[in-house]
Amino acid sequence: MRKYRVMLIDDEQSARKLMRASIGWESLNMEVVGEAASGIEAINVIDEMRPDIAFVDISMPFMNGIEFTEVATARYPNLIIIIMTALDQFEYARKCVSLPVFEYMLKPMVRSEITAVLERVKKRLDEREDPEEESAAENAGGPEIEPNTMEQIQKFIEANYTDSKINLASVAEQFGFSPSYLSRKFKQETGKNFVECLTECRMEKAIQLAEQGKKMFLASAEVGIPDPNYFGRCFKKYAGMSYSEYVASHAK
């Protein structure tokens with residue numbers, strides 16, 4: 001049986017690091033496949049991470065844990081969400097009863113309590129896994145993506161990259177494919193994954209804006225990444241220098 005994939009979404013790096021180190025993930029047949037420092041960053045990378053479980057801090061800038069849960073579970077109804085919240089926001093979190101949240105946990109969290117919750121999560125996932133494997137085997141083929149369809153998908157990305165909510169799942173739905181199938185075929189056909197292609201479109205535009213001397217928070221919003229911190233990391237990785245350094249190097 002495959003390992004269950006876990007994503008940690010918290011704007012405090014120390015909290016994410018502690019979660020990674022303190023839980024016996026292996027004994028639960030789980031692995032931490034990725035982290036994000038904001039809801040926006042998580043939405044941008046969730047298609048590639050494909051988590052079964054997400055620990056989500058309720059209080060994050062630009063897209064809080066509740067907003068992330070609304071967006072993510074609309075795309076991935078089977079995603080198990082565990083909301084992490086401080087005491088002063090616990091009642092607010094519990095009022096969001098319409099959301100498909102598996103558990104609300106108070107921060108700072110206790111290792112034994114996290115493990116107990118994850119054991120319940122594992123039981124649910126184990127029960128779900130067998131019928132899903134049978135269904136996947138029956139539908140392994142899926143509709144074939146024609147080369148011209150892939151070109152249309154790339155053009156769609158280029159035309160809509162400014163939308164902060166665009167992701168693999170929304171594009172797959174637009175063109176009538178499952179996210180996992182599109183992800184696999186996209187990599188085969190283009191040599192890069194969906195997030196890389198989307199980020200490339202955004203960073204090419206961001207470089208133009210940097211050359212014009214536009215402020216970083218304005219540029220980040222304009223290219224569909226309203227979280228400037230995440231935008232800054234993407235830009236530096238793509239351009240080899242920070243946004244402010246790039247602006248300074250092109251100042252007239």
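The values are calculated or read from the model by the stated rules, or taken from the named source; none is laboratory data. Bear in mind the structure is a predicted one, so any value in this text is a computation, not a measurement. Virtual Cβ from ideal backbone geometry, glycine too; neighbours counted across all protein chains shown.
Worth a mention:
- Search result, residues across region 201-231 that are touching a residue at least 12 places away in the same chain (Cβ under 8 Å), out of contact with any helix residue (DSSP H, G or I) (no Cβ under 7 Å at 6 or more places or on another chain) and exposed (fewer than 15 other Cβ atoms within 10 Å of the Cβ): 211
- Taking first residues from region 149-169 that are under 14 Å from residue 44 (Cβ atoms) and not assigned by TED's automatic domain parsing to the domain that holds residue 40 and partners that are at pLDDT 90 or above and acidic (Asp, Glu), the Cβ contacts under 8 Å between residues at least 6 apart in sequence or on separate chains come to 162/222.
- Residue match in region 12-24 (condition: among the polar types (S, T, N, Q), assigned to a loop (DSSP other than H, G, I, E, B), touching a residue at least 60 places away in the same chain (Cβ under 8 Å) and surrounded by fewer than 23 Cβ atoms within 10 Å (Cβ to Cβ)): no
- All of (1) outside any helix (DSSP H, G or I); (2) modelled with pLDDT of 90 or more hold for residue 145 with one exception: (2).
- When residue 27 is tested against (1) part of a helix (DSSP H, G or I); (2) under 14 Å from the mean Cα position of the chain (by Cα); (3) more than 18 Å from residue 198 (Cβ to Cβ), exactly one condition is not met: (2).
- Of the strands (runs of 3 or more DSSP E) entirely within region 53-122, those holding at least 1 residues that are in contact (Cβ under 8 Å) with a residue 60 or more places away in the chain and surrounded by 15 or more Cβ atoms within 10 Å (Cβ to Cβ) occupy 53-57, 80-85.
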